[in-house]
Amino acid sequence: MHVLPPADAVLRVFVAVPIPEEVRAALAQEVARLQHSGARVGWVAPANLHVTLLFLGDVFGAQIPDLAAALDAVASAHPPFTLRAAGLGYFGSPPAPRVLWAGLSGPVHQLAALYDDLDVRVHALGLRTEERPFHPHVTLGRVRPGRRADLSALAKALEQADRAPYGFVPVDQIDLMQSHLESQGVRYTPLHAANLSGGS
Ligand code: 2AM
């Protein structure tokens with residue numbers, strides 16, 4: 001535990017898998033290419049690129065130690081594994097993409113198993129998680145409402161994505177992160193890190 005927040009503080013939290021710096025740099029290059037499309041997109045800063053495992057939203061500071069313990073319990077039951085960041089995609093319909101992302105390939109079922117275990121533990125703590133099915137991805141940008149012409153240039157840029165993988169993502173750690181929504185943008189700080197140490 002890095003810091004223990006006050007029990008009555010409300011924190012916006014999520015669980016993430018960190019992405020190595022060289023992969024974030026490769027993704028940032030792809031983002032720079034997509035930015036040339038001129039579409040109105042809120043691009044994720046390279047330092048903020050991550051894989052969201054579970055979004056919890058607002059929780060009380062008093063719940064953080066239990067959440068940290070839940071991460072530890074799950075992490076100790078899963079062996080580390082390695083994914084690849086590869087390909088681009090989006091959520092939303094073809095004429096109206098909403099969220100632009102880089103995909104993950106490799107033993108993604110192991111990430112889904114981590115998610116399932118964490119989901120069960122978090123529910124046991126009486127916390128709600130999202131209802132959406134788990135679709136592992138790295139969000140690169142969120143489309144802002146704008147002119148359709150912008151989006152066709154963006155769609156073309158997405159199709160011209162580099163087919164080579166952006167790099168390896170070792171999944172050997174899961175982080176409990178706090179999201180600070182500030183006027184300059186979003187800032188993430190780690191609250192707790194749990195190392196994957198289960199046997200294979
Ligand atoms: P995503 O970008 O991987 O989709 C931190 O805010 C992370 O939590 C975001 O990167 C986002 O994951 C996820 N997130 C934010 N708000 C959310 C919401 N309302 N429902 C589900 N996930 C959310």
Report summary line: Measuring from its Cα centre, segment 17-73 shows a charge dipole (+1 at each Lys and Arg Cβ, -1 at each Asp and Glu Cβ) which, in debye to the nearest 20, is 360
Query raised in the report: Can you give the charge dipole size of segment 1-124 about its Cα centre, rounded to the nearest 20 debye, using +1 on the beta carbon of Lys and Arg and -1 on the beta carbon of Asp and Glu?
Result: 540
Report summary line: Highest GNM mean-square fluctuation among 18, 46, 94, for the chain with Cα springs under 10 Å, belongs to 94
Query - Rel. contact order, % - alpha carbon contacts under 8 angstrom, at least six apart, the chain - result: 36
**Report entry** Total charge dipole magnitude, segment 78-200, about the Cα centre, Cβ charges on Lys, Arg, Asp, Glu only, Debye to nearest 20
**Finding:** 540
Query raised in the report: Given just the C-alpha atoms of segment 23-195, how large is their convex hull per residue in cubic angstrom?
Result: 122
Report task. Starting at the first residue of segment 48-58, write each ³J(HN,Hα) from the Karplus equation 6.51 cos²θ - 1.76 cosθ + 1.60 with θ = phi - 60°, in whole Hz, x for Gly and Pro. Result -> 8, 5, 7, 9, 6, 8, 8, 9, 9, x, 6
Query raised in the report: Which cross-chain or sequence-distant (5 or more) residues have an amide H under 5 Å from the amide H of residue 41, H modelled 1.01 Å from N in plane?
Result: 144
Report summary line: Among 96, 81, 42, the residue whose Cα sits farthest towards the positive end of the charge dipole of the chain, when +1 is placed on the Cβ of each Lys and Arg and -1 on the Cβ of each Asp and Glu, is 96
Requested in this report: May I ask you to derive the FRET efficiency for residue 76 and residue 9 from their Cβ-Cβ distance with R0 = 30 Å, giving the value to the nearest 0.05?
Outcome: 0.60
Report summary line: With label points set 7 Å from each Cα along the Cα-to-Cβ direction at residue 29 and residue 142, the distance between them in nm comes to 2.8
**Report entry** Amide H contacts of residue 167 (H built 1.01 Å from N, under 5 Å, at least 5 apart or other chain)
**Finding:** 85
Query - Listed residues 97, 190, 133, most fluctuating in the chain (Gaussian network, C-alpha, under 10 Å) - result: 133
Requested in this report: Amide H neighbours of residue 50 under 5 Å, at least 5 residues apart or on other chains, H built in the peptide plane: list them.
Outcome: 139
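Here, each number is a calculation from the coordinates, and none is a lab measurement. Quick caveat, the model's predicted, so the values are computed rather than measured. All Cβ positions, glycine included, derive from the backbone under ideal geometry; neighbour counts span all protein chains shown.
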